[in-house]
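Q: Before I ask anything, here is the structure I am working with.
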Amino acid sequence: MSFPVLPARKGAMTGLGAVFRPQLPPERLRAVARVADETGLDELWLWEDCFLEGGVSTAAAALAWTERVRVGIGLLPVPLRNVAVTAMEAASLERMFPGRAVLTVGHGVQDWMGQVGARAASPLGLLGEHLDALRALLRGERLSVRGRYVRLDDVALDWPPPRPVDILAGATGPRTLRLSGEKADGTLLTSATPADGVRRARELIEEGRRSAGRTGAHRIVVYLLTATGAGAESRLRAELAAEGLASVPDLGVAGDAEAVAEAVRRLAEAGADTVVLQPTADEPDPESFVRFAAEQVAPLIR
């Protein structure tokens with residue numbers, strides 16, 4: 001089952017999610033995932049940041065511990081994976097948990113890729129080849145490819161997913177945003193993207209879609225750095241400063257449910273289909289953060 005993806009418009013239904021940050025120990029995931037499931041949160045997103053936690057392993061565990069919440073991986077760095085392995089894992093998750101796993105692929109952080117000997121000379125070229133092959137394998141096609149990075153000889157999945165699987169691309173720069181429009185089914189934007197950035201990203205994505213003659217829906221997911229509760233404003237400011245983003249206007253939100261909901265609405269009106277609340281790295285109570293998103297913020301944006 002592929003979940004619906006609609007062009008963003010004012011007044012459209014907005015999906016809401018929350019991030020389980022990998023700065024938390026992996027054994028903490030079970031409790032957070034269960035809160036997300038029980039409270040009716042749309043999506044729980046996980047990160048594969050080097051060298052913290054694996055994206056597919058944590059996603060599989062979260063899916064097994066829950067019944068209904070979608071689990072997103074944002075994102076799998078393609079330099080670390082042979083595309084056949086990515087396809088096998090995506091297909092397995094889809095067959096075991098139909099419609100609930102949301103996979104995103106991307107360049108990865110180039111310094112990290114260099115640390116493990118996987119830095120590509122052309123990250124954009126690698127991502128494009130990976131997306132083409134991954135989506136074809138998941139459609140059940142048999143491939144022989146001799147690209148610059150992707151090389152396959154008569155490869156097909158024995159257990160392809162029975163229904164279409166949407167693959168998102170993580171993107172920030174203009175070239176990657178256009179590539180995502182050309183080759184991916186959706187785009188993931190980081191928390192460094194204000195509302196104006198979402199508008200510009202959608203324009204660039206649409207340019208890519210037009211150039212490729214694509215007419216289907218394309219989902220845009222954006223993280224929103226969020227702090228609530230005691231010391232929220234100071235925690236938000238400290239994290240933005242640590243990320244070198246203190247001078248960027250309109251990034252993140254600190255405050256109560258209404259303040260957060262208003263920030264979500266601004267991103268939705270700018271073109272986001274799903275907004276994922278990203279807690280600060282020092283969030284003192286991740287379970288309560290997820291409960292806050294589902295029980296206090298979500299009703300205000302429906």
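The values are calculated or read from the model by the stated rules, or taken from the named source; none is laboratory data. From a predicted model like this one, the values you see are computed outputs, not experimental measurements. Don't worry about glycine lacking a Cβ; one is built from the backbone with ideal geometry, like all the others, and counts go over all protein chains shown.
Q: Is it the case, given these coordinates, that V105 is at pLDDT 95 or above and under 18 Å from the mean Cα position of the chain (by Cα)? Explain how you work it out, then say what you get.
A: Values: at pLDDT 95 or above: yes; under 18 Å from the mean Cα position of the chain (by Cα): yes.
Judged against the criteria, V105 is a match.
Q: In the list A133, A90, A84, A60, which residue meets the criterion of being under 22 Å from P26 (Cβ atoms), touching a Leu at 6+ places or on another chain (Cβ under 8 Å), part of a helix (DSSP H, G or I) and touching a residue at least 40 places away in the same chain (Cβ under 8 Å)?
A: On the way: A133 fails: under 22 Å from P26 (Cβ atoms); A84 fails: under 22 Å from P26 (Cβ atoms); A60 fails: touching a residue at least 40 places away in the same chain (Cβ under 8 Å).
Among A133, A90, A84, A60, only A90 is under 22 Å from P26 (Cβ atoms), touching a Leu at 6+ places or on another chain (Cβ under 8 Å), part of a helix (DSSP H, G or I) and touching a residue at least 40 places away in the same chain (Cβ under 8 Å).
Q: From the list V105, V116, exactly one residue is crowded, with 24+ Cβ neighbours inside 10 Å and in contact (Cβ under 8 Å) with a residue 60 or more places away in the chain. Which is it? Walk me through how you get there before you give the answer.
A: On the way: V116 fails: crowded, with 24+ Cβ neighbours inside 10 Å.
Residue meeting the stated conditions: V105.
Q: Restricted to the range 273-299, and to residues that are over 11 Å from L16 (Cα atoms) and of a type in the set (A, V, I, L, M, F, W, C), which residue is surrounded by the fewest Cβ atoms within 10 Å (Cβ to Cβ)?
A: If we take residues in the range 273-299 being over 11 Å from L16 (Cα atoms) and of a type in the set (A, V, I, L, M, F, W, C), then A281 is surrounded by the fewest Cβ atoms within 10 Å (Cβ to Cβ).
Q: For L124, are the conditions met, namely being modelled with pLDDT of 95 or more and either within 25 Å of Q278 (Cα to Cα) or under 15 Å from the mean Cα position of the chain (by Cα) (or both)?
A: Working: modelled with pLDDT of 95 or more: yes; either within 25 Å of Q278 (Cα to Cα) or under 15 Å from the mean Cα position of the chain (by Cα) (or both): no.
For L124, the condition - modelled with pLDDT of 95 or more and either within 25 Å of Q278 (Cα to Cα) or under 15 Å from the mean Cα position of the chain (by Cα) (or both) - is not met.
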